[in-house]
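Working notes, beginning with the structure itself.
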Amino acid sequence: MKHRATRRRTLPQARETTNIMAGKSLSHHKINRPYRPTLLQEQTIEKQQKRFDTVNQMLEKVSSKPVNTSLNYNNNNHSPTENGHDDGSEVSIVGYLKAKPIKFQTLDDLLQNFPSVRTALLKKRTIPSSSSCTEAITSSLSSLQITPQARITPTLSTKSAWRTRRTFALVDDELRLVQTIVSGDEKESFGMIGDQPITRRDIRTLRGLTWLNDEVVNFYLALVARDSGTQGNLRVYAFSTFFYSKLSKDGPTHPSWDRWMRRGNITFFEYDLILIPIHQGNHWTLTTIDFRSRCIGYYDSLGGTDDMCLGRVYAFVEHMYATKKQIVPMPDGWRVQPMNMIPEQANGSDCGVFACQFGKYLAREWPLDFTQAQMAQFRLQMIYEIYTKQLIV
């Protein structure tokens, strides 16, 4: 009996000890630990962040455009917000994307689907100072009349070689050579054309649906321009992507242009056609200066346009007339033209290939009759052409 009583007295103590241990164990499980997303969640977040970054870049591009562009309209006709109120409050593009998810490829698509974004940006615009380069470009644009392409008289070709042009498909030996070219040390060099080098790492961007890098586009257009004036070809010069970067940074009338042109031995007015590749963000386009038709053309495989780009190039041509030929103002008949009756891409990765083919076809005076379905073939051809340093005609 004494033993049982002892057990009864010790039982509450044991229970109390058990509760204390359980409390300690429970408190241990309540420790907050940092949240670690899974790999799939990280990829989703990264894709979403890239999308938002792209939107922000496009919005910055809109707000940096000149006042006298096609995006302007009368205050009485501007679009209200989705709620019916146009109070000019802060615009959250993230909220718009969540409320109305869409797939857009160009700036025009974004503005078309989000009229309130356009309205808010127009309200926030400030008129640039009179001394700024942007105002000079804007004034040049305001004096221009963008000619619809349907009204443009096509320039007569200097030759009829395009009539005998054929679509070239690589044969077995050439396809095996292409496979060999993309395999091996990525740092291996394949030579230069002028001052444009190329390595295997660069050529690999032509595989699959990879975006082309600057080296491939610069090298290929330099290859196009190398045949300038030979065998009845047009006299063509191709600027590198560095040209438009400098034009955007320094402006069209910077004193360094004269030294820059002399160092490159660029006889500006002796060419029939000048090619200007432009890489903005994640998209390739091509701008051309055609001295025969006095037209500055903008070729975008997504069907877009860039008024600021056209204005800068126009102001640069105007500056060249003033400094090289002492002709002020520049001769009549010059116009800017965003080309809209051209082949269009059907994905988000072939813009670089389209820009290169635009340059090749225009330099050869061929009709722009290729399609998205030929892009895979063009990629293989470009690898072969870059390696052999000879264009396929």
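Miscellaneous remarks
- In this structure, Val336 does satisfy being surrounded by 22 or more Cβ atoms within 10 Å (Cβ to Cβ) and aliphatic (A, V, I, L, M).
- Matching residues in region 262-282 - criterion: being modelled with pLDDT under 90 and either in a strand (DSSP E or B) or closer than 14 Å to His319 by Cα (or both): Gln280
- Checking Leu310, Leu380 one by one, the residue that is in a helix (DSSP H, G or I) and either touching a Ser or Thr at 6+ places or on another chain (Cβ under 6 Å) or surrounded by fewer than 23 Cβ atoms within 10 Å (Cβ to Cβ) (or both) is Leu380 and no other.
- Residues that are farther than 23 Å from Met382 by Cα and either surrounded by fewer than 15 Cβ atoms within 10 Å (Cβ to Cβ) or more than 21 Å from the chain's Cα centre (by Cα) (or both), drawn from region 233-245: Ser245
- Flag for Gln326 being among the polar types (S, T, N, Q), assigned by TED's automatic domain parsing to the domain that holds Asn218, part of a strand (DSSP E or B) and over 18 Å from the mean Cα position of the chain (by Cα): no
- Listed conditions (1) modelled with pLDDT of 55 or more; (2) part of a loop (DSSP other than H, G, I, E, B) are all met by Thr147, apart from (1).
- Residue in region 325-346 that is more than 29 Å from Glu188 (Cβ to Cβ), without any contact (Cβ under 8 Å) to a residue 24 or more places away in the chain and among the charged types (D, E, K, R) present: yes
- Just one residue in the set Arg226, Arg292 is more than 20 Å from the chain's Cα centre (by Cα) and closer than 22 Å to Tyr384 by Cβ; that residue is Arg226.
- Selection count, region 209-252, where residues are part of a loop (DSSP other than H, G, I, E, B) and acidic (Asp, Glu): 1
The values are calculated or read from the model by the stated rules, or taken from the named source; none is laboratory data. Just so it is clear, the model here is predicted, and its values are computed rather than measured. FYI the Cβ positions are ideal-geometry reconstructions off the backbone, even for glycines, and counts take in every protein chain you see.
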